[in-house]
Amino acid sequence: MAVKQELESVEAIQQGKKRDGFTSAIGVIAATLGSAVGLGNIWKFPSITGQNGGAAFIIIYLLSTLLVGLPVMISEQMLGRKARKDAISTLRDLSPKKQPWWLVGAAGVLAAFLIMAFYTEVAGWVFAYIFKSAAGGFLSTDPAVTSQAFMNLVVNPMQSLIWQWVVLVMIGAILMLGVSKGIESTTKKLMPVLFVILVAICVRSLTLEGAGEGLRFLLQPDFAKVTWTTVLVAMGLAFFKLSTGMGTMITYGSYFRDEQDIPATATKVMLADLLVSMLAGIAIFPAVFAFGFEPDAGPSLLFITIPAVFASMPFGNVFMVLFFILAGIAATGAMLSLLEVPVAFINEKLNISRPVATVATVVLLAVIGSTAALSNSTLAEVKLFGLTFFDLFDYTTSNILLPVGGLLIAIFVGWVWGKEKITDALTNAGVLKNEWVVNGFYVIVKFVTPLLLILVLLRGLAIL
Ligand code: TRP
């Protein structure tokens, strides 16, 4: 019976009679967590933590996640499920007439392209590293040598572009299969693998002699390194990590089941995402300290320091391959959710079939993304505001587009949409008895989140 029903529903989706969506509670969690967990955990979190004083940064990041990231995540999922449309149409449908809130959705589609432009490039390096380390490359404990190997990759325009295209084709192929058969079933298979690999690498790292110092770095706060910019960076990372501020969670929320408990789902995803970030820190820093490397290498931590660290340990090559497979899996779930934002919009709003919408998005991205891919070679000297395209996309999305998008969504939910609609949406029309959750959420999203965001944006961008 269940099989027959499923077949019928697949048929209905294919004939365009029914909107595709996630089919189970586990599927919702897998896809949403797959979106949240990504290079943000494996690449950004460790390198930013390393540069900003370790534990002190983590505490500020935790607060940002709770008071800003989580409320915006709940808001987006709630709006998406209410309207059951792409991000732009959702905001247009739910806002009072003549108020242009749909622009927030449009900014989100733009942000998706800008993030994907540099994200696919870093993901391309990750996939290149899987193959190169499996073939026995990078086996040197000397960072000068691993640095040279990384440079050979990034300054080579053709290699940079090809790896980016490999990533784009792979993501496009999964997205073409649709929401339940593509996104949901892929993330459901990949997330358990990710946890197993991560734990295995943590055990390896923690059992190294001298691992304690790395743990101390992660857990002992040094507030001397904290400035307003640090707080802005922490907040930007909180948005980036939870895939919020640009319509990803609106789009995914539109695929949630009616009976999904949204505050509980968002909280679980946030906690699991934090766990993955901390485990990534535990996988990396004890090993970095054990072999006397520096924790504050920044973005190159992953591609220059890590290979040297792995080369220093027994069975290092096996763990290095595993590590980059881990990063590749994490990046895949995140990219699926980023690309789904424009694909859903083009598919539903412009009424173009899903496969064509996917190909169009991928081709457009290959063009925009090439500016990021060539930032270390052909276009290295082309700079705007002193930044290469790669850095410009990274900086403006995390530190401006996502926080401003999140601010507007919080204002929309708290001030325009209002308590009654929030209560209805978060209790599933009175089915869930979660009054205090709704009240707490309402106060935070209406006052705390916007005020914090305004303060940190003004301070962090040095306007105030
Ligand atoms: N959260 C992902 C990560 O940590 C990146 C990501 C996916 C994202 N979708 C997003 C970031 C939407 C911002 C907005 O790597």
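Could you list which residues have their amide H under 5 Å from that of GLY137, counting only those 5 or more apart in sequence or on another chain, with H placed in the peptide plane?
Counting only residues 5 or more places away or on other chains, the set is empty.
So what are the three principal axis dimensions of the chain from its Cα atoms, in whole Å, longest to shortest?
Answer, in whole Å and largest first: 61, 48, 47 Å.
For the chain, what does the helix formula give at 222 nm: sum of -39500 (n - 2.57) over DSSP H segments with n ≥ 4, over the residue count, nearest 500 deg cm²/dmol?
Values: 22 runs with 311 residues, N = 464.
Roughly -21500 deg cm²/dmol at 222 nm, from the helical runs in the chain.
Scan region 320-422 for chymotrypsin sites (Phe, Trp or Tyr not before Pro) in coil per DSSP, keeping those whose Cβ has at most 11 other Cβ atoms within 10 Å, and list them by number.
Passing sites in region 320-422 are PHE385.
Can you give the FRET efficiency to the nearest 0.05 for ASN152 and LEU387, using r as the Cβ-Cβ distance and R₀ = 22 Å? Provide the component values of the computation, followed by the final result.
Details: r = 24 Å, r/R0 = 1.07.
Plugging the Cβ-Cβ distance into 1/(1 + (r/R0)^6) gives 0.40.
In the neighborhood of PHE323, defined by Cβ-to-Cβ distances under 14 Å, what is the net charge if each Lys or Arg adds +1 and each Asp or Glu adds -1?
Numbers: positive: LYS132, ARG204; negative: none.
Neighbour charge sum, excluding PHE323 itself: +2.
Give the carbon-plus-sulfur fraction of the accessible surface of the chain in %, rounded to a whole number; probe 1.4 Å, heavy atoms of protein chains only. Walk me through the numbers before you get to the answer.
Details: 12600 of 18370 Å².
Looking at the chain in its full context, I get 69 percent from C and S.
Given 0.36 nm per residue, what is the gain on full extension from ALA173 to ALA264 after removing their alpha carbon distance, in nm?
On the way: separation 91, 0.36 × 91 = 32.76 nm, distance 3.16 nm.
Computed gain between ALA173 and ALA264 is 29.6 nm.
Before I look further, what does region 145-252 give for accessible area per residue, probe 1.4 Å, in whole square angstrom?
Averaged over the residues of region 145-252, the accessible area is 42 Å².
Work out the length of the dipole vector of the chain about its Cα centre, built from +1 on the beta-carbon of each Lys and Arg and -1 on the beta-carbon of each Asp and Glu, and round it to the nearest 20 debye.
On the way: 30 positive and 27 negative charges, 210 e Å.
The calculated dipole for the chain is roughly 1000 debye.
Enumerate the calculated ³J(HN,Hα) couplings along region 415-428 in order (Karplus 6.51 cos²θ - 1.76 cosθ + 1.60, θ = phi - 60°), each rounded to whole Hz, writing x wherever the residue is Gly or Pro.
9, 9, 6, x, 4, 4, 5, 4, 4, 4, 5, 7, 9, 6
For region 344-464, what is the relative contact order in percent, using Cα pairs closer than 8 Å and at least 6 residues apart in sequence? Can you show the working numbers first?
On the way: 61 pairs, mean separation 20.4, N = 121.
With pairs under 8 Å counted, the relative contact order is 17 percent.
How tilted is helix 70-83 with respect to the longest principal axis of the chain? Cα atoms for both, answer in degrees (0 to 90, nearest 10).
Result, in degrees: 40.
Kindly express, to the nearest 10 degrees and within the range 0 to 90, the angle between helix 449-460's C-alpha long axis and the longest C-alpha principal axis of the chain.
40
Using the Kirkwood radius built from alpha carbon pairs, what does the Stokes-Einstein equation give as D for region 342-435 at 4 °C and 1.567 mPa s, in µm² per second?
Numbers: Rh = 17.1 Å.
So the translational diffusion coefficient is about 76 µm²/s.
Please compare each pair in LYS421/LYS446; LYS188/LYS421; LYS18/LYS85 to a cut-off of 22 Å on the Cα-Cα distance and tell me which ones are over it. Intermediate results must be reported in sequence, preceding the final value.
Values: LYS421/LYS446 14 Å; LYS188/LYS421 32 Å; LYS18/LYS85 13 Å.
Distance filter (> 22 Å) returns LYS188/LYS421.
Calculate one ³J(HN,Hα) per residue across region 189-197 by plugging θ = phi - 60° into the Karplus curve 6.51 cos²θ - 1.76 cosθ + 1.60, and present them in order as whole Hz with x for glycine and proline.
For region 189-197, the Karplus-derived couplings read 7, 7, 4, x, 4, 4, 5, 4, 4 Hz, x marking Gly and Pro.
Starting from the exponent 0.38 and prefactor 2.2 Å, build the expected Rg for region 175-242 from its residue count and divide its actual Cα Rg by it. Write down the numbers at each step before the final one.
Numbers: Rg = 18.4 Å, N = 68, 2.2 N^0.38 = 10.9 Å.
Expressed relative to 2.2 N^0.38 Å, the Cα Rg reads 1.69.
For ILE454 and LYS225, what is the calculated FRET efficiency with R₀ set at 22 Å and r taken between the beta-carbons, to the nearest 0.05? The partial results should precede the final answer.
Working: r = 24 Å, r/R0 = 1.11.
Calculated value: 0.35.
Which whole-number percent is the relative contact order of the chain (Cα, under 8 Å, 6+ apart)? Intermediate results must be reported in sequence, preceding the final value.
Numbers: 723 pairs, mean separation 153.1, N = 464.
Taking the mean separation of contacting Cα pairs over the length of the chain, I get 33 percent.
If I stretch the segment between LEU139 and LEU432 completely, what's the gain in nm (0.36 nm per residue apart, minus their alpha carbon distance), one decimal?
Numbers: separation 293, 0.36 × 293 = 105.48 nm, distance 5.54 nm.
99.9 nm is the gain from fully extending LEU139 to LEU432.
Kindly express, to the nearest 10 degrees and within the range 0 to 90, the angle between helix 143-154's C-alpha long axis and the longest C-alpha principal axis of the chain.
The two axes meet at around 50 degrees.
Give me the net charge of GLU213's neighbourhood, meaning all other residues with Cβ under 15 Å from the Cβ of GLU213; Lys, Arg count +1, Asp, Glu -1.
With Lys, Arg at +1 and Asp, Glu at -1, the neighbours total -3.
Taking the simple approach of a point 7 Å from Cα along Cα-to-Cβ for both VAL196 and ALA25, what is their distance in nm?
2.5
The values are calculated or read from the model by the stated rules, or taken from the named source; none is laboratory data. Note that the structure is a prediction, hence the values are computed from the model and not measured. When we count neighbours, we look across all protein chains shown, and the Cβ atoms used for this are built from the backbone with ideal geometry, even at glycine. Areas reflect the complete protein model, heavy atoms only, side chains present, ligands, DNA and RNA absent. Shrake-Rupley method; radii C 1.70, N 1.55, O 1.52, S 1.80 Å.
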